[in-house]
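Below is one structure, written out as structure tokens; the observations come after it.
The values are calculated or read from the model by the stated rules, or taken from the named source; none is laboratory data. Remember, it's a predicted structure, so these values are computed and weren't measured experimentally. Here Cβ is always computed from backbone atoms with ideal geometry, including for glycine, and neighbour counts include all displayed protein chains. Side chains included, ligands, DNA and RNA excluded: accessible areas come from the protein's heavy atoms. Shrake-Rupley method; radii C 1.70, N 1.55, O 1.52, S 1.80 Å.
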2 protein chains.
Amino acid sequence: MAEWSTPQMAAAAAAAATVGVVATLWATSATGGGDAARALWGGGSAGRRGGRRVVLVGAGPGSADLITVRGARAIAEADFLVHDRLVSPELVAMAKPGVTLVNVGKAPTKKRFPQSEINQILVDLATNAHAHYKVPENASIVRLKGGDPFIYGLGGDEVMALREAGLACEVVPGLSSATAVPACAGIPVTQKGVATSFTVLTGHVAPGEPGAADWAHVPRQDATLVVLMGVKNMRKICSYLVSSVGWAASTPAAAIQSGTTTGEVVVRGTLTTLADKAEQASLASPTILVIGQVCDVLEPGAVIPYAQLENLAKASDGTSQASSWLPAPPRNIWGLARPPPSEEAEK
Amino acid sequence: MAEWSTPQMAAAAAAAATVGVVATLWATSATGGGDAARALWGGGSAGRRGGRRVVLVGAGPGSADLITVRGARAIAEADFLVHDRLVSPELVAMAKPGVTLVNVGKAPTKKRFPQSEINQILVDLATNAHAHYKVPENASIVRLKGGDPFIYGLGGDEVMALREAGLACEVVPGLSSATAVPACAGIPVTQKGVATSFTVLTGHVAPGEPGAADWAHVPRQDATLVVLMGVKNMRKICSYLVSSVGWAASTPAAAIQSGTTTGEVVVRGTLTTLADKAEQASLASPTILVIGQVCDVLEPGAVIPYAQLENLAKASDGTSQASSWLPAPPRNIWGLARPPPSEEAEK
């Protein structure tokens, strides 16, 4: 499961998902641009001494240009790109001509791939044992995951599966929505004299119910709580923190939907008022809760909201600032108008 | 204060620090490369409608290519780059010809800049009120900080100072060492059925002493603790968690020094044994502690250590893989051998 992603991305990805599960794009005739791109990004897989390379890459919290440079390069070098349904299509589009895209976020006959199947696909690709793909000895296999692979991303399962098959992999961490979304919304998760620790936990199970996070034991002095997947249980979470944990009812809190995207919505309140306000604003998943005095440290507007940056960019030149920030050499430098991925039937 | 950085980086930066507090580099004659670089990275500050732009950028945990694409672009566009002493010199070198570097990590007469002075420098630059610099109306002022600006980075102070002067700024989050260092060392901070939450706190004050984090209240079921700045108090921390908080003495723990760099050292043990092992290995700052069952989830070697990637790269082509991954167009594409920054006296 990807850490999370946004309705906006889901919509954009819906089109890209027509690529299907198996698709080989952009025949290798476009090697001019490819060569220059490889030069730019550092000359290919320098140092690899044979064997297939497997890299788990974190795509970041939503906006495509919040991927790391190392992650972007891994995508540009990928021969096989195994991606979630909800990873930004702009990132998938950075792959080189000839890449094989493997969309494990959606299958024609199922709602989503079970993690065990994704693990098996990675192992099969890395060992050239896949029923449908031939994977050359020096191929680079990139597993692109939303957020960070190791923060609610089940990356550990994939590393373990590879290891059981005798393989080691690289991990390129990604920005987690847990910290990047509050940051882009102007909420520092730590602040000297205000919060010297932060705890990240999931709220998909309500406090006190079986399988819930350890809500009873969370730092409560000079601390910040970041809750992922907590929109459904927001009211229970806020009330539990006051009645059972000892947080003040007046503790500032914020709920951020679709952070780091043009669809970002920030609702501010306290542990007493947040759930009502979020309901009024019809906040839905993906929404992140931030609880603690840090929510009041910076005035709203002190940090320019991401949506405003995007709108400014669009107002001036008609393009998305996020996408123009991405180093997509074939499009930007060589003027190759890459066709959008064409639909291809599953083999 | 930067989140943290590494001895290796400190050594590298020591040379770069000879730039001094004030230096204007690479006369604008090299505009050919500059223009192409600007095209590559998306055409300059699209959408800005006058006024100076102030951007807080997180540099990431150490390795230069773990900065975000958005952060790298902000550096490439900066007219003024206000950077810490310990930010990777490779990132500073990405700035464009004509950039004014302002090193706030080191001054000839003081050990380091107090935060209030850094705040004032940013405000003065943004309002063109600085005694030494003329800052054009459309200038881009980038504050480059180690790690993430809002995770032990005092970014909140800088945003507040700007706001008090009537200014808003952009924030580009960075990978925090708190999550990226464990990831690169093969430790997932969350793992289904093992750890569903993680808490990040600082260990520069020992548990129980005034000013310490709220150690008494930390999640203890299915949880991970990440401790920054805790090398000095490692023994006290481990012992407090067992004797006062209720963690099992056999809980796996790891200490990682200089994570995501070629100097990375990983020491593994339990709450009982870690402090001794770290002492035997002479671990020093910056070291991150990870405490919890997640330390044992992945076999050592399942995730290829960063240092090994670097060594492989060096073995094959003599260059650092990290630096070759960085998009430094003037050097890589146009063959301009940029001179190293020359020393210049403080004005």
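When each of B:Ser258, B:Ser250 is tested for being modelled with pLDDT of 95 or more and away from chain A (no Cβ under 14 Å), the lone residue that passes is B:Ser250.
For the residues A:Asn119, A:Asn138, A:Asn128, the requirement of being in a loop (DSSP other than H, G, I, E, B) and modelled with pLDDT of 95 or more singles out A:Asn128. If you check A:Thr179 against the conditions, is it free of Cβ contacts under 8 Å to residues at least 40 places away in the same chain and hydroxyl-bearing (Ser, Thr, Tyr)? No, not satisfied. Within the range A:51-81, the set of residues being part of a helix (DSSP H, G or I), of a type in the set (Lys, Arg) and touching a residue at least 60 places away in the same chain (Cβ under 8 Å) comprises just one member, A:Arg70. How many residues, within the range A:130-161, are farther than 20 Å from A:Met229 by Cβ, within 8 Å of another protein chain (Cβ to nearest Cβ) and open to solvent by less than 10 Å² (accessible area, probe 1.4 Å)? Total satisfying the criteria: 1. Here the range B:189-209 is the region considered, the condition is being part of a loop (DSSP other than H, G, I, E, B), touching a residue at least 40 places away in the same chain (Cβ under 8 Å) and of a type in the set (A, V, I, L, M), and the residue that is farthest from the other protein chains (Cβ to nearest Cβ) is B:Val194.
Filtering the range A:237-249 for residues that are open to solvent by 20 Å² or more (accessible area, probe 1.4 Å), small (Gly, Ala, Ser) and on the phi > 0 side of the Ramachandran plot leaves a non-empty set. When residues in the range A:162-171 are screened for being buried (at least 20 other Cβ atoms within 10 Å of the Cβ) and under 17 Å from B:Gln191 (Cα atoms), 2 of them pass.
Filtering the range A:177-197 for residues that are farther than 26 Å from B:Arg70 by Cβ, at pLDDT 95 or above and open to solvent by less than 10 Å² (accessible area, probe 1.4 Å) leaves a non-empty set. Whenever a residue of the range A:238-265 is of a type in the set (Asp, Glu), its partners that are in a helix (DSSP H, G or I), lying with C-beta atoms within less than 8 angstrom and at least six residues away or across chains, give the pairs A:Glu264/A:Cys184; A:Glu264/A:Tyr306; A:Glu264/A:Ala307. For A:Val159, which of the numbered conditions (1) in contact (Cβ under 8 Å) with a residue 12 or more places away in the chain; (2) under 17 Å from the mean Cα position of the chain (by Cα) fails to hold? Condition not satisfied by A:Val159: (2). Output the residue which, of all residues in the range A:278-306 that are among the polar types (S, T, N, Q) and in contact (Cβ under 8 Å) with a residue 24 or more places away in the chain, is nearest to A:Gln191 (Cα to Cα). This residue is A:Gln293. Restricting the range B:210-228 to residues that are touching a residue at least 24 places away in the same chain (Cβ under 8 Å) and more than 7 Å from chain A (Cβ to nearest Cβ), which is surrounded by the fewest Cβ atoms within 10 Å (Cβ to Cβ)? Residue satisfying both the conditions and the ranking: B:Ala216.
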